[in-house]
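Colleague: Take a look at the following structure, please.
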Amino acid sequence: MKNSGGRQKSILLSKPLLFSCIRPYGKGVDVAAPDTSITRASELLDAYEDEYNGVIIDPQSLPDNANAFADVLQSSLISWKLEGKKGVWLKILEQQAGLVPIALKQGFSYHHAEKGYVMLTYWIPDEPCVLPSTSTHQIGVGAFVMNENKEVLVVIEKKCPLRCSGMWKLPTGLINKSEEIFNGAIREVKEETGIETAFLEVVAFRHAHQVAFDKSDLFFVCMLKPLTLEINIDESEIEEAKWMALEEFLGLPFHRDDKLLRRITSICIAKYQNKYQGFTAQCMMSKFDDRLAYLYHGSCL
């Protein structure tokens, strides 16, 4: 659910038959008209309308006082229900963490957490919740870099699972937030080995499930062209790095025993020999979301 960009403050007076007046928050108790079931109302929380008939609460509008927060949150939920709203997104910043139990008590649920905040949600209609779940995947990249002497860039990682300890392998890593796949591969190679590279193609990707924290994992294998040859390792992460002859790499015990790695290597060799076409990246605009994004695709025959 995304913010449409239009900022609207929820106004209790949009239901004039329910409340007799509105006073600024903290300046007294507001009394509803005698013929209503509502006996108290407060100023509502600032909220942005999203594109799905829901609201996103502005975290800067949350009161510091716990009782005040409980009061204004309850009033806001009542108003949004009368207005026919559906999903409510509530971001609580780290310094506001004391408000989390109050929101949970009023029916909110955990959605996800990032450094500095936790996101909660509330589904108003009496029907199954259709709010999107939190992220389900992590994305990793592996880089196959081979120079003109048919030597493959390989590393030994300092921090890795025991089964990979001391093993020569391709440079790999996770991409950063808002980072393109090909940029992530280039960065990982630069960080681990000091080698500058240029992206050629995504030659393959693997999809696995229940990996880290029960998330699914997408791993993209990128073919990169070396622009420099001098190795300068990141000693905090890498034990050793070198250019290894392709024949030696193919003969490594781990490589011989791993069907997936053997297949990846054969594809990369075929690409090096111009016998395989992978996916290049083209930056394009879509009217669907008015965003520039990279489309990864092969060549049309």
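Colleague: Got a sec? Which strands (runs of 3 or more DSSP E) wholly within region 123-211 have at least 1 residues that are touching a Phe, Trp or Tyr at 6+ places or on another chain (Cβ under 7 Å) and more than 17 Å from SER236 (Cα to Cα)? Quick ask: steps written out before the conclusion?
Modeller: On the way: elements: 137-145, 151-157, 172-174, 197-208.
Where strands (runs of 3 or more DSSP E) fall fully within region 123-211 and carry at least 1 residues being touching a Phe, Trp or Tyr at 6+ places or on another chain (Cβ under 7 Å) and more than 17 Å from SER236 (Cα to Cα), they are 137-145, 151-157, 197-208.
Colleague: Would you be able to say whether some residue in region 17-37 is farther than 30 Å from ASN176 by Cα, in a strand (DSSP E or B), at pLDDT below 95 and in contact with a helix residue (DSSP H, G or I) (Cβ under 6 Å, 6 or more places away or on another chain)? It would help to see each step written out before you state the result.
Modeller: Of all residues in region 17-37, those farther than 30 Å from ASN176 by Cα come to 17-37.
With the extra rule that they be in a strand (DSSP E or B), the set shrinks to 30.
Narrowing further to those that are at pLDDT below 95: 30.
Remaining after also requiring in contact with a helix residue (DSSP H, G or I) (Cβ under 6 Å, 6 or more places away or on another chain): none.
No, the conditions are met nowhere in region 17-37.
Colleague: Six or more apart or on different chains, Cβ under 6 Å: which pairs go from a residue in region 80-96 that's open to solvent by 40 Å² or more (accessible area, probe 1.4 Å) to one that's of a type in the set (Gly, Ala, Ser)? Could you list them?
Modeller: From residues that are open to solvent by 40 Å² or more (accessible area, probe 1.4 Å), the pairs are LYS86/GLY54; GLU94/GLY116.
Colleague: Can you go through CYS268, CYS222 and tell me which one is closer than 25 Å to TYR294 by Cβ and not in a strand (DSSP E or B)?
Modeller: On the way: CYS222 fails: not in a strand (DSSP E or B).
Exactly one residue qualifies, and that residue is CYS268.
Yes or no, residue by residue, for (1) farther than 19 Å from ARG187 by Cβ; (2) in contact with an Asp or Glu (Cβ under 8 Å, 6 or more places away or on another chain); (3) open to solvent by 60 Å² or more (accessible area, probe 1.4 Å):
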site: LYS215; (1), (2), (3): yes, no, yes
site: PHE219; (1), (2), (3): no, no, no
site: GLU230; (1), (2), (3): no, no, yes
site: LEU250; (1), (2), (3): yes, no, yes
site: HIS255; (1), (2), (3): yes, no, no
site: LEU261; (1), (2), (3): yes, no, no
site: LYS275; (1), (2), (3): yes, no, yes
site: TYR294; (1), (2), (3): no, yes, yes
site: GLY298; (1), (2), (3): yes, no, no
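Colleague: Within region 189-202, identify whether any single residue is without any contact (Cβ under 8 Å) to a residue 12 or more places away in the chain and either acidic (Asp, Glu) or within 30 Å of THR136 (Cα to Cα) (or both), and answer yes or no.
Modeller: As a first pass, look at region 189-202 and keep what is without any contact (Cβ under 8 Å) to a residue 12 or more places away in the chain: 190.
Now narrow it down to the ones that are either acidic (Asp, Glu) or within 30 Å of THR136 (Cα to Cα) (or both): 190.
Yes, because at least one residue in region 189-202 is without any contact (Cβ under 8 Å) to a residue 12 or more places away in the chain and either acidic (Asp, Glu) or within 30 Å of THR136 (Cα to Cα) (or both).
The values are calculated or read from the model by the stated rules, or taken from the named source; none is laboratory data. Fair warning: this is a prediction, and the values are worked out from it, not measured in the lab. Positions of Cβ are generated from backbone atoms using ideal geometry, with glycine treated the same way; all protein chains shown enter the neighbour counts. Each accessible area value is taken on the protein alone, full model and side chains, heavy atoms only, with ligands, DNA and RNA left out. Shrake-Rupley method; radii C 1.70, N 1.55, O 1.52, S 1.80 Å.
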